[in-house]
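Peer 1: Let me give you the structure first, and then I'll get to my questions.
No value in this document is a laboratory result; all are computed from the given coordinates. What you are looking at is a predicted structure, and each value in this text was computed from that prediction instead of being measured. Please note: Cβ atoms are built from the backbone with ideal geometry, for glycine as well, and neighbour counts cover all protein chains shown.
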Amino acid sequence: MSIGALFAAAPLIVLALAGLVCLLALSFSRRKASSAFAVCSGGLALGLASSIFLSLPRMGASVSGLLSMDGLSFIGTTIILACSLAIALASRPHLARREGERGEYYSLLLFAALGGCVLASAASLATIFLGLELLSVSLYALVAYGRASAEAEKAAFTYLILASAASAFLLFGMGLAYYQCGSLDLARITRAAADSPSALWDVSFAMVGIGFAFKLALAPFHMWAPEVYEGASAGAAAVVATVSKAAMVLPLARILALAETAGTKAGPAIVWTVAALAGASMVAGNLLALREERVKRMLAGSSIAQLGYLLVALAAGGVYGRGTALFYLAAYTLSTLGAFSCVAALSWGEAPRELFRGLAGRRPLVAAVMTASLLSLAGMPLTAGFVGKFLLFGAGARSGTATRILVFLLAVNSALSMFYYLRLVSLMYRKAESVDAEAKEAGPSQMAAKRAKEGSLLAGAALALVGLAILAIGLAPGGLIEAVSTLISRG
Amino acid sequence: MILALFLLIPLACALVSALAGIRPRETPGRPSVAASRIAALLGSLACLALALALWLGGAVPLQLELPWIPAIGASFALKLDGLSLPFLALSGLLGSAAVLASWKGIADRVGAFHACLAFTLAGINGVFLASDLFLFAFAWELMLVPMFFVIDIWGHEGRHRAAIKFLIFTQSGGLLMIAAIAGLYAAQGARTGEWSFAYDKLLGASSSGALGSTLQFLLMLGFFAGFAVKLPAFGLHAWLPDAHTEAPTAGSILLAGLLLKTGGYGLARFAIPLFPEASRALAPVAMWIGVAGILWGGVMALGQGDMKRLVAYSSVSHLGFVLVGLYSLDPAGRDGAVIQMLSHGLSTGALFMLVGALQDRLGTRELARMGGIMREAPRMGAIGLALTLALLGLPGSGNFIGELLVMFGAFKSDVPAAVAVGLGLVLAMAYALRMFQLAFHGEPAEQRSLRDLGALETATLGALLIVLLWVGLYPRGVLSLLHLALPGLSGGGAL
């Protein structure tokens, strides 16, 4: 492996090292959570920097055929690392406030981010599976982490069992693909499938597709999402909703792009399948969220629906469609991140809707960012979500019949979704006194309180930054759109 | 750059108002509260002055184009012409009236309230000015959320439900319209290879054959859905009575006076010119939808016991005239529709202000609990009488000219529809006089002491009435401006 390739893969190496350092530090002293936090956020920031300064200039480099550090991987890495960093910052005040805080959370977060980045740049089935397992195993632990409640355990088990089943499907599909062309390389596989179509290929792709649909919580494979989101802590749910979603969309986009260049005859079938998943997810997700009283479950429904929206662009295909999908991915992760950070700022555990009543009077910053995030998810102007949705409409309208039907569904569903987003927004601006769940928790020791306070400042800054980013992209999206489209067409 | 001021001034005022009222606990007399009120008022007045200066200076048409998102061909393009200028002036006027109407009534979170009002106005001005379809959609959606807040936070008893209902209805239409914009953009871009949202470039799309007739009809329906919900057309009007009734006075003024007009403006500016063929196919149906609205709104208004709800239903009826006029596809009908929109904005805005004043004083909107206002509060009675006469379309008021021109247009294209429209006028007579009789005549229903209108309120209402009278007596002032703008549609006009 050349030095260039090593530089290109620098973000992955940095993350892996940071994860190891974090674990080592913890094995010496389990109570040193502050240092684990520092290593985690430092590692993520360093990873982000190395991705921009080392990886980006060497775009298109292939690392031993397993990873391809191209435009897609750069976009994915940036989104994943930025989200993880924000989640680390948002989690800090709560973890610091807990007595007997341990740092494993941060190392798990690092490994989850690493898995996500591997997935984003995977050029072979082997790396896809490696990344996926790295991500999933970290997530199992994250979901169960630090909460002794029966709910969290149930959520973790649900997630463990269903995600393992999904992995099994994926692995079976990959095995079938390997059996037929004797290679794990994605490009070679898609070409072989295009050259000699067979029923076995269809089965193989269907199984891989099911695996992806499970992980992305696309209807009809979405049943696990509400339970896991609700049972997990706010931080872990944020990882599931942002990092793991972004990590799964990228290999999907890559495979679809390769299938398109290979000129497969199954093109229309793929489009209709993706379109069907998209339509089903929009409807199912929104119906779930409409009836939900608990905010995290509502956000689960919302993210199911949002992924359905995103698939419209993937179904539309082409450089434009993929560019739109990635732009929307950025907008979605940013908004969802904002929403979950706000939930985390209020309550680490359960988050009933009532928690948000009168929030604007008590915590103006949190209320403002939550409003921006929800409006962005709803697709209102001034926020990133509006531009994203407009581009989705454009991408859908440019393409064939399937996506034109989806455009109509998208319009109707977005209008429906206004109900639950705005209901929550409305609640935040009503007059009522209610106490934060945090304030009710048993008073922590002085040291912990001090650390929590420092953490709160950082978390508040991160929160404000996310809110500003949502508005900035909403007002001047030109730069981001252009960056994404150049990255995609070069990669 | 002058045009950008129509957006920048309200946005700046929104910022000032919001900052002035940022302290959570407010006492009504605090200087910052007054500051936020004055900022909002000055902003609206500045917009009004600007519009009038441009009108009197004869500076139309005026254009501004700045690059915004070149990657997708969207630019910050504003265009002021004879169709948009009267509406801009109306927005400045009613914006000021809305601030004045809530001078005493709103005591809670004053800064945020005025910020929301100013923000809504910025969106409305953007709608009237945009000549880029992306910017148009942006402005179109921009006005929704602040309006939602105005209803949801400062409204009456049933406000939460009404606010959500308002938002979901208008958003469903709006998203279908955005989908249609995207479809038009995609079709035109695929044909010419130039991806642009510019109005002028998309204008020729349907005549150039870029769209098949089915696609053209579907896209037109998307636009129609967006505008018809806002107008509102019969069948899509269910949000209106609730939203108007539950909104605070200023909210009702903006809703009835301006937001509904964006629907009519959108039809005249976008739906019909962009898709002439498809609009012609829809026209007979659309006219009868309009007629249904006129009659239904009239009948419902006749049966209302709540004065504000009565005015709201009368809006459904009056906006039906706009639909009939526009889809008669006749210059006279179109002129009538525009005049009708302007006069409806003035008269209904003033009526909502009056109802708001009554509610503040009496604590009720029930007609059955009013009565005898004429004797106790003569100023209120006089203005109420003038507004009632305008509501029923008496000659001299702008409403008369609007309704008459719409009838002319309707007669040329569909005689039965025109006859039905005439029935609507009779209904208007009935509900307007019934309202006046119950509220202002007779003996007071309850023991009370009624304060007459203050100087500020009288002056505001008087100003609105004078403008209404001006439109009614000298409609040429508006029409000659309008005919500068729409050479494609206008064939001289009836007046």
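Peer 1: Below 8 Å between Cα atoms, with a sequence gap of 6+, how large is the relative contact order for the range A:1-144 in percent? Please list the in-between numbers first.
Peer 2: Numbers: 221 pairs, mean separation 42.5, N = 144.
Computed over the range A:1-144, the figure is 30 percent.
Peer 1: With r as the distance between the Cβ atoms of residue A:471 and residue A:27 and R0 = 56 Å, compute the FRET efficiency 1/(1 + (r/R0)^6) and round to 0.05. Could the numbers behind the result be given before it?
Peer 2: Details: r = 43 Å, r/R0 = 0.77.
Efficiency, from the Cβ-Cβ distance: 0.85.
Peer 1: How many partner chain Cβ atoms sit within 10 Å of a residue's Cβ in peptide B:71-80, on average, as a whole number? Present the calculation step by step, with values, prior to reporting the outcome.
Peer 2: Working: counts 13, 11, 0, 5, 0, 0, 0, 0, 0, 0.
Across the residues of B:71-80, the mean count of other-chain Cβ atoms within 10 Å is 3.
Peer 1: Turning to a different aspect of this structure: Quick one: if the Förster radius is 41 Å, what FRET efficiency do residue A:365 and residue B:441 give, using the C-beta to C-beta distance and rounding to 0.05?
Peer 2: On the way: r = 55 Å, r/R0 = 1.34.
So, using R0 = 41 Å, E works out to roughly 0.15.
Peer 1: Could you work out [θ]222 nm for chain B from helices alone, using -39500 (n - 2.57) per DSSP H run of at least four and dividing by all its residues? Round to the nearest 500 deg cm²/dmol. Spell out each step's value before the answer.
Peer 2: Values: 21 runs with 352 residues, N = 495.
For chain B, the value works out to -24000 deg cm²/dmol.
Peer 1: Between 0 and 90 degrees, rounded to the nearest ten: what's the tilt of helix A:478-490 against the longest Cα principal axis of chain A?
Peer 2: It is inclined by approximately 40 degrees.
Peer 1: Further question on the same structure: Could you work out the relative contact order of chain A, using alpha carbon pairs under 8 angstrom and six or more residues apart, expressed as a whole percent? The partial results should precede the final answer.
Peer 2: On the way: 881 pairs, mean separation 84.3, N = 491.
The value is 17 percent.
Peer 1: Once the dipole of the range A:1-145 is set up with Lys and Arg at +1 and Asp and Glu at -1 on Cβ about the Cα centre, which of A:87, A:16, A:103 lies farthest towards its positive end?
Peer 2: A:103
Peer 1: Quick check: pseudo-label points 7 Å beyond the Cα along Cα→Cβ at residue A:482 and residue A:458, how many nm apart are they?
Peer 2: For residue A:482 paired with residue A:458, the spin-label model returns 3.5 nm.
Peer 1: Given Cα positions, please report Rg to Rh for the protein assembly as shown, the hydrodynamic radius being the Kirkwood one. Intermediate results must be reported in sequence, preceding the final value.
Peer 2: Working: Rg = 30.0 Å, Rh = 29.7 Å.
So for the protein assembly as shown, dividing Rg by the Kirkwood Rh gives 1.01.
Peer 1: Where a Cα-Cα gap under 20 Å defines reach, which lysines qualify for residue B:261, not counting those fewer than 8 residues away within the same chain?
Peer 2: Excluding near neighbours in sequence, the set is B:79, B:165, B:230, B:308.
Peer 1: Rounded to the nearest 0.05, what FRET efficiency do residue B:15 and residue B:66 give with R0 = 25 Å and r taken as the Cβ-Cβ distance? Could you check? Don't skip to the end; give the middle numbers.
Peer 2: Working: r = 21 Å, r/R0 = 0.82.
Rounded to the nearest 0.05, the efficiency is 0.75.
Peer 1: Taking a cut-off of 12 Å between Cα atoms, list the aspartates and glutamates near residue A:215, but don't count ones fewer than 8 places away on the same chain.
Peer 2: Partners found: A:133.
Peer 1: Still on this structure, I have one more. Would you mind checking the tilt of helix A:384-398 against the longest principal axis of the Cα atoms of chain A, expressed as 0 to 90 degrees and rounded to 10?
Peer 2: Result, in degrees: 20.
Peer 1: While we're looking at this one, here's another question. What is the distance in Å between the Cα centres of the range A:94-165 and the range A:384-421?
Peer 2: The range A:94-165 and the range A:384-421 have Cα centres separated by 32 Å.
Peer 1: Would you list which aspartates and glutamates come within 18 Å of residue A:389, measuring only between C-alpha atoms, while excluding same-chain residues fewer than 8 positions from it?
Peer 2: Qualifying aspartates and glutamates at Cα under 18 Å: A:482, B:132, B:141.
Peer 1: Based on DSSP, what percent of beta bridges with both residues in chain B are antiparallel, to the nearest 5? Numbers along the way, then the final one.
Peer 2: On the way: 10 of 11 bridges.
Here the share of antiparallel DSSP bridges comes out near 90 percent.
Peer 1: Quick check: the angle from helix A:71-97's long axis to the longest principal axis of chain A, C-alpha only, nearest 10 degrees?
Peer 2: Approximately 20 degrees, to the nearest 10.
Peer 1: Another question, if that's okay. As I understand it, the dipole of chain A uses +1 on the Cβ of Lys and Arg and -1 on the Cβ of Asp and Glu, about the Cα centre. Which of A:489, A:471, A:29 lies farthest toward its positive end?
Peer 2: It is A:471, whose Cα lies furthest towards the positive end.
Peer 1: On a full-extension model of 0.36 nm per residue, what is the gain between residue A:223 and residue A:59, subtracting their alpha-carbon distance, rounded to one decimal in nm? Mind dumping the intermediate values first?
Peer 2: Working: separation 164, 0.36 × 164 = 59.04 nm, distance 3.85 nm.
Full extension from residue A:223 to residue A:59 adds 55.2 nm.
Peer 1: Still on this model: Between residue A:20 and residue A:164, what length in nm is gained on full extension when 0.36 nm per residue of separation is reduced by their alpha carbon distance? Numbers along the way, then the final one.
Peer 2: Working: separation 144, 0.36 × 144 = 51.84 nm, distance 2.49 nm.
The span from residue A:20 to residue A:164 would gain 49.3 nm if fully extended.
Peer 1: Can you pull the one-decimal nm distance between simple spin-label points at residue B:379 and residue A:202, each 7 Å off the Cα toward Cβ?
Peer 2: Distance between label points: 8.2 nm.
Peer 1: Between residue B:104 and residue B:433, what is the spin-label point distance in nm, taking each point 7 Å from the Cα along the Cα→C-beta axis?
Peer 2: 3.3 nm
Peer 1: Enumerate the amide H contacts of residue B:73 below 5 Å, restricted to partners 5 or more residues apart or on another chain; note that Pro and chain-start residues carry no placed amide H.
Peer 2: The answer is none.
Peer 1: A further question follows. Taking the Cα centroid of the range A:290-344 and of the range B:186-204, what is the distance between the two, rounded to the nearest whole Å?
Peer 2: 29 Å
Peer 1: Can you grab the distance from the C-alpha centre of the range B:226-262 to the C-alpha centre of the range B:405-459, Å, no decimals?
Peer 2: The range B:226-262 and the range B:405-459 have Cα centres separated by 18 Å.
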